[in-house]
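To start, the structure under review is shown below, and the notes come after it.
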Amino acid sequence: MSYFDGFVIAVPTANKQQFIDHATQFNPVFIEFGALRVVENWGDDVPDGKVTDFRGAVKATADETVVFSFVEWPDKATRDAGMKKMMEDPRMDPSNPDNPPMPFDGKRMIFGGFDNVFDLS
């Protein structure tokens, strides 16, 4: 079964095209380093919860949209090796002046790695 990295971020709604451009430029690096697919999802029906919710988790403001993303890897070993390569790759370094700035506040991103236990197609 696959291994997944999941991400939730708040993106200024006005930056939607910038976000798509950013994903178009950087997400192929995941594939280059072994990911099977990368999926970006722009929030459409993200309700406020009574106890917690996606918006609260990333401290999204009224002018931001929640984005849910995931990267599918064939297994954890491929993910670990691929993520190590990504962290060392200058194309992924936000301090590199040749790279465009992230169109969202990366400090409010929540993320984690997930072992797949069930998959119904």
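Observations on the model:
- Highest average first, the peptides 98-107, 21-30, 2-11 ordered by how many other beta carbon atoms sit within 10 Å of their residues are 2-11, 21-30, 98-107.
- A dipole drawn for region 25-110 from +1 and -1 charges on Cβ atoms has a positive end, and of 110, 42, 96 the residue lying farthest that way is 110.
- Charging the Cβ of each Asp and Glu at -1 and of each Lys and Arg at +1, and nothing else, the dipole of region 40-121 about its Cα centre rounds to 300 debye.
- Whole-number D in µm²/s for the chain (Stokes-Einstein; Kirkwood sum over Cα pairs; 25 °C, 0.890 mPa s): 159 µm²/s
- Pairs of Cα atoms nearer than 8 Å and 6+ residues apart set the relative contact order; for the chain it is 47 percent.
- Listed residues 80, 45, 53, most fluctuating in the chain (Gaussian network, C-alpha, under 10 Å): 45
Since every read-out is calculated from the coordinates, none of them should be taken as a lab result. Remember, predicted model here, so these are calculated numbers, not experimental data. Ideal geometry is used to build each Cβ from the backbone, glycine not excepted, and the neighbour counts take in all protein chains shown.
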